[in-house]
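The values are calculated or read from the model by the stated rules, or taken from the named source; none is laboratory data. Owing to the predicted nature of the structure, the values given are computational and were not obtained by experimental measurement. Cβ: placed from backbone, ideal geometry, glycine included. Neighbour counts: every protein chain shown.
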Amino acid sequence: MARTLSNKIDFMALRKPAVIMSAALILLSIVSLFTLKLNVGIDFTGGSIIEAGYQQAVELQPIRNALESKGFGDAIVQHFGSASEVLIRLVPEADKDKAELSSEIIGLLQEISETPIDVRRVDFVGPQVGEELTEDGGLAVLYALIAILIYVAFRFEYRFSLGAVAALVHDVLITLGVFSILQLDFDLSVLAAILAVIGYSLNDTIVVFDRVRENFRKIRKKTSLEVINISINQTISRTLTTSFTTLLVLLSLFFLGGEVIHSFALALIIGVLIGTYSSIYVATTSALVLGISRSDLLLPEKEGEEMARP
Amino acid sequence: MVNRYAPWRYILLILVIVIGAFYAAPNLYGEDPALQITHRVNLIDDAELGNIRSLLENEDIDYRSIELDGNNLLVRFDSEEKQLRAATQVREALHDSDRRYSVALNLAPATPDWLTTLNALPMYLGLDLRGGVHFLMEVDMGSAIEKSLQRAAGEMRGFMRGEKVRYKAVQTSARDVSIRFDSAENRDSARLLLEDEYRDFEFVDSNDDRSWFTRVSYNAAALEEERRSAIEQNISTLKNRVNELGVAEPVIQRQGDERVVVQLPGVQDTVRAKEILGATATLEFRLVHGSFAEWNSTAASGKAPIGSRLYTQSDGSPVLLKRSVIVTGDQIVGAASGIDQQSGTPDVTITMNSNGADRMARVTRDNIGKPMAVVFIEDKFEFREVDGERIRHRTTESQVINVATIRDQLSKRFHITGLDSTREARDLALLLRAGALRAPMVIVEERTVGPSLGQENIDRGFLSVMVGFVAVLLFMAVYYKVFGLVANLALALNLVLMVAILSIFQATLTLPGIAGIVLTVGMAVDANVLIFERIREEIRLGNTPQASIYSGYSKAFGTIADANITTFIAAMVLFGFGTGPIQGFAVTLMIGIASSMFTAIFGTRAVINLIYGSKQVSRLAI
């Protein structure tokens, strides 16, 4: 099938609907991020999570009652994975942010259970640490974007660089938007996934740009639009194949990796899907809108050729 | 045209495969339940080894091996049940003679000797995979500084008295020590003397109608030094405490200016670990002031006589104690809990250092027949909201646990009683042995993973890597035929190399790290996809198979390099700015990018050349 794709599809003809779609998705994401916000976990807000395993299926109501009687009325109690596992989430409270809280709750759970319970996981994040993680995470994304901007500007041209970063911002915003609209748990591992999406989407974009640059130098009688169209056609089978293999492993992670990396895998799946689309449309269209043309790419000549020795 | 690789390239490839396989091999062997025995001061020698061997043989506990490994004595067992039985026996036997032994449960890698002699070790698993506790603890610097100012204030009082300086009062606050004088002359002469003696301090003068003050505070360099030494002393105390808990391979590391990371692999009783690590409990010995009647009247009025302070006893009744301390907890070098012979209640036997012993001897000799009190001091924290901001509030709770009449001159060793339970006595003894924290610490982050969840994470991680891996292998074989199979060889080698590199550098493998490996598997094929698509294109353009292979590889190289370098930059930024799980992910991603460049380009080319390179081919199976 890949053999027949070359030059057959006029991708750029669809760029206007694509721009409208992207703009709509970004707008929707931003609105959702401001109104519904992200369903951020304790990594960012501070608080405690306790996961306990029972030897048999367990009712939640007695646990809730017991917690309430001890003044933990606002604790969220739910099953996690199976009916014999219980997850308790404590939102941070002004006078209660202490690591000892989880000890207290574990003691309480053990008290009301007839069989010994197995403490599977305890996460406690102090409010200040939560703030720092939020800040560091945001900075990591920002610095990654800046570093990439500089490298691409240096290797290609500033319009490509802006196009690449536009595609990345597009991917990050929409992935965040999906998490916000569906109110999925947003924890530290999802942040890591977002950063991985940046890496992945960039990879895709660079491959397309590389071909655009090569074609600008080789094909002299065509308009920028046509050159970009040819380039996308030449790289589309690679883009789809790689996205497919990556999705294969991500789906394996999603279904088999366990609860803890569930959100991580989901974020990457969303990101890879959007990243594949954006490397085809967003990155190239942005570069085109910024007025990229053949003459821009002729100066730093030979660079690509010299590198081309495996 | 032919595609041939020089022999040295094949030699290099084979060398990499052999070395990679060698260093990845330790991961194939499992772990043995083991006991790790160390002594805090002495090295363990062969005689000790003999003792423990005969102990185990007497108790009829089979062990797999017993060996000396640097400072450690390592005993391996074939079941956890035997390991636990042995732990109880060995602990009892060793602690009878010397409390400084630490007996920790451990899982020792069962790597054969021929691998370990060349430093081939299995990957270092993070706490989320092996189970354990991770604490991030913050030193309360405010009270560290306050405490050291209090010490300095005490010294200054003594110094001024020695120099016959007339001062009115010395008062300590959180930031400075304020000394009050009744005239400007007295102050100025005192300041001259003090400035000369205390070079770490800055002096600021002030006065009101009747009094003249000089405010003494640390200068910038000394303040920095105080902070540094506070955190360092806390780290060494934490190390002692962790030793007392008996944890194998703990990590206790400074992070930033005010924080310490504590990682305790395999610890199951996290509640106790938390109590012991964060505990600030210590003791003070003070003389009792005044009479019973005076205590009650002070309790009613709230005004303690000069030189004394009001305390509460364990039954809630008031007692006045002298302000000056006989000895404090940091002068205690040894402590052991037990049962008091006379009363049958729990007690703690205390050993003082020579300074403390001297002072104790002097004070008790001069005060025979008078009562002395043991004060138990503990810092507590709570969060309060002040003007919309969270403030950590510290309160110090002091309780008099025991008032007893001095019958004899006390010296180096003595007993104290009045503790509520054997557990309290045991913990207090532990804390006194391990030394006090210079400043209180709070846990600001905790991540505990139980051993069952850890094993589950390993199993699930392994399964998802394998399933994803096989899915990609199948796809590649179907889609790119012979070339796909070659790419699969490269992918397998890539996985081996990643495991080998993680093992060599002993980088911590975490669950996000496994996710990074899975992602790299997906992305590593990208390089091959790029090359193969390029070869297909060249064939479509009508080039010969050999020329297509050649230009496919050379044209794709620039693209692969660009794409991988940018991703590598992103991973480096992640590593630099991220914490814990993000870093774990970034490490495997970086290693994966580097090794996949090698296997996907160099590795596949070598095999392709071998298959097609030197013969006439009319069609490529791609």
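Any residue in the stretch B:274-287 that is modelled with pLDDT of 80 or more, in a strand (DSSP E or B) and within 18 Å of B:Ile231 (Cβ to Cβ)? No, because not a single residue in the stretch B:274-287 is modelled with pLDDT of 80 or more, in a strand (DSSP E or B) and within 18 Å of B:Ile231 (Cβ to Cβ). Candidates A:Glu132, A:Glu85, A:Glu104, A:Glu100: the one that is charged (D, E, K, R), within 27 Å of the chain's Cα centre (by Cα) and within 12 Å of another protein chain (Cβ to nearest Cβ) is A:Glu132.
For the stretch B:291-300, check the following and say yes or no: at least one residue is buried (at least 16 other Cβ atoms within 10 Å of the Cβ) and within 23 Å of B:Ser143 (Cβ to Cβ). No, the stretch B:291-300 contains no residue that is buried (at least 16 other Cβ atoms within 10 Å of the Cβ) and within 23 Å of B:Ser143 (Cβ to Cβ). With respect to the conditions (1) at pLDDT below 85; (2) under 30 Å from B:Asp32 (Cα atoms); (3) touching a helix residue (DSSP H, G or I) at 6+ places or on another chain (Cβ under 6 Å), B:Ala174 lacks only one, and its number is (2).
In the stretch A:15-33, the qualifying residues are those that are under 18 Å from the mean Cα position of the chain (by Cα) and not aliphatic (A, V, I, L, M), and the one that is nearest to A:Ile181 (Cα to Cα) is A:Ser32.
In the stretch B:76-92, the residues that are assigned by TED's automatic domain parsing to the domain that holds B:Asn106 form Cβ pairs under 6 Å with partners that are surrounded by 12 or more Cβ atoms within 10 Å (Cβ to Cβ) and acidic (Asp, Glu), at six or more places apart or across chains, as follows: B:Arg76/B:Asp32; B:Gln89/B:Glu59.
When each of A:Ile206, A:Ile228 is tested for being within 7 Å of chain B (Cβ to nearest Cβ), under 18 Å from A:Leu290 (Cα atoms) and not charged (D, E, K, R), the lone residue that passes is A:Ile206.
If you filter the stretch B:439-473 down to residues that are more than 7 Å from chain A (Cβ to nearest Cβ) and free of Cβ contacts under 8 Å to residues at least 60 places away in the same chain, you find that the one that is nearest to B:Asn106 (Cα to Cα) is B:Asp459. Right, B:Arg241: under 30 Å from B:Arg91 (Cβ atoms) and either touching a residue at least 12 places away in the same chain (Cβ under 8 Å) or in contact with a Pro (Cβ under 6 Å, 6 or more places away or on another chain) (or both) or not? Yes, satisfied. State yes or no: is B:Phe376 aromatic (Phe, Trp, Tyr), surrounded by 14 or more Cβ atoms within 10 Å (Cβ to Cβ), within 28 Å of B:Asp420 (Cβ to Cβ) and at pLDDT below 75? It is false that B:Phe376 is aromatic (Phe, Trp, Tyr), surrounded by 14 or more Cβ atoms within 10 Å (Cβ to Cβ), within 28 Å of B:Asp420 (Cβ to Cβ) and at pLDDT below 75. Scanning the stretch A:243-264 for residues that are buried (at least 24 other Cβ atoms within 10 Å of the Cβ) and either farther than 20 Å from B:Val529 by Cα or not polar (S, T, N, Q) (or both) returns A:Val249, A:Leu250, A:Ser252, A:Leu253, A:Gly257, A:Ile261, A:Phe264. You will find that of B:Ser217, B:Ser206, the residue that is in contact with an Asp or Glu (Cβ under 7 Å, 6 or more places away or on another chain), in a strand (DSSP E or B) and not charged (D, E, K, R) is B:Ser217 and no other. For the stretch B:326-348, the set of residues classified as surrounded by 16 or more Cβ atoms within 10 Å (Cβ to Cβ) and either in a strand (DSSP E or B) or touching a Lys or Arg at 6+ places or on another chain (Cβ under 7 Å) (or both) consists of B:Ile326, B:Val327, B:Thr328, B:Ile332, B:Val333, B:Gly334, B:Ala335, B:Ala336, B:Ser337, B:Pro346, B:Asp347, B:Val348, listed by residue number. Go through the residues of the stretch A:167-189 one by one and say whether even a single one is surrounded by fewer than 24 Cβ atoms within 10 Å (Cβ to Cβ), under 27 Å from A:Ser293 (Cβ atoms) and at pLDDT below 85. Within the stretch A:167-189 (the criterion being surrounded by fewer than 24 Cβ atoms within 10 Å (Cβ to Cβ), under 27 Å from A:Ser293 (Cβ atoms) and at pLDDT below 85), the answer is no, since none of the residues qualifies. Within the set A:Arg213, A:Arg220, the sole residue that is charged (D, E, K, R) and not in a helix (DSSP H, G or I) turns out to be A:Arg220. B:Leu68 satisfies every condition listed in (1) crowded, with 17+ Cβ neighbours inside 10 Å; (2) touching a helix residue (DSSP H, G or I) at 6+ places or on another chain (Cβ under 8 Å); (3) modelled with pLDDT under 85 except (1).
Of all residues in the stretch B:266-285, those that are more than 20 Å from B:Ile235 (Cα to Cα) have Cβ atoms under 8 Å from Cβ atoms of residues that are charged (D, E, K, R), 6 or more apart or on another chain, in B:Gly266/B:Arg130.
Within the stretch B:544-602, being more than 29 Å from the chain's Cα centre (by Cα), facing chain A (nearest Cβ under 7 Å) and small (Gly, Ala, Ser) holds for B:Ser554, B:Gly558, B:Ala561, B:Ala563. Pairing each residue of the stretch A:65-76 that is closer than 13 Å to A:Glu111 by Cα with any residue that is β-branched (Val, Ile, Thr) and surrounded by 11 or more Cβ atoms within 10 Å (Cβ to Cβ), provided the two are 6+ apart or on different chains, yields C-beta distances under 8 Å for A:Ala66/A:Ile112; A:Leu67/A:Val77; A:Leu67/A:Ile88; A:Leu67/A:Ile105. In the stretch B:244-273, the residue that is farthest from B:Arg91 (Cα to Cα) out of those that are in a loop (DSSP other than H, G, I, E, B) and of a type outside the set (Asp, Glu) is B:Gly256. Of all residues in the stretch B:46-72, those satisfying the criterion of being in contact (Cβ under 8 Å) with a residue 24 or more places away in the chain and assigned to a strand (DSSP E or B) are B:Leu68, B:Asn72.
The residue list A:Glu111, A:Glu93, A:Glu104 contains one member that is at pLDDT below 85, assigned to a helix (DSSP H, G or I) and charged (D, E, K, R), which is A:Glu104. Take B:Val75 and tell me if it is in a strand (DSSP E or B) and either out of contact with any Phe, Trp or Tyr (no Cβ under 8 Å at 6 or more places or on another chain) or within 18 Å of B:Asp113 (Cα to Cα) (or both). Spelling it out, B:Val75 is indeed in a strand (DSSP E or B) and either out of contact with any Phe, Trp or Tyr (no Cβ under 8 Å at 6 or more places or on another chain) or within 18 Å of B:Asp113 (Cα to Cα) (or both).
Here the condition is being surrounded by 14 or more Cβ atoms within 10 Å (Cβ to Cβ) and farther than 30 Å from A:Gly126 by Cα; of B:Arg157, B:Arg199, B:Arg161, B:Arg151, it holds for B:Arg157 alone. A:Ser263 meets each of the listed conditions (1) at the interface with another protein chain (Cβ under 10 Å from one of its Cβ atoms); (2) modelled with pLDDT of 85 or more; (3) under 18 Å from the mean Cα position of the chain (by Cα) apart from (1).
Yes or no, residue by residue, for (1) of a type in the set (Phe, Trp, Tyr); (2) away from chain B (no Cβ under 11 Å); (3) more than 30 Å from A:Gly137 (Cα to Cα):
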{"site": "A:Arg159", "(1), (2), (3)": "no, yes, no"}
{"site": "A:Val165", "(1), (2), (3)": "no, yes, no"}
{"site": "A:Thr175", "(1), (2), (3)": "no, yes, no"}
{"site": "A:Leu182", "(1), (2), (3)": "no, yes, no"}
{"site": "A:Ala193", "(1), (2), (3)": "no, no, no"}
{"site": "A:Asn215", "(1), (2), (3)": "no, yes, yes"}
{"site": "A:Lys222", "(1), (2), (3)": "no, yes, yes"}
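Taking every residue in the stretch A:289-301 that is modelled with pLDDT under 75 and pairing it with any residue that is outside any helix (DSSP H, G or I), at least 6 positions away or on another chain, the pairs with Cβ-Cβ distances below 6 Å are A:Asp296/A:Glu157.
Run down B:Leu28, B:Leu74 and say which single residue is within 22 Å of B:His95 (Cα to Cα) and of a type in the set (A, V, I, L, M).
Working: B:Leu28 fails: within 22 Å of B:His95 (Cα to Cα).
After ruling out the rest, the residue left standing is B:Leu74.
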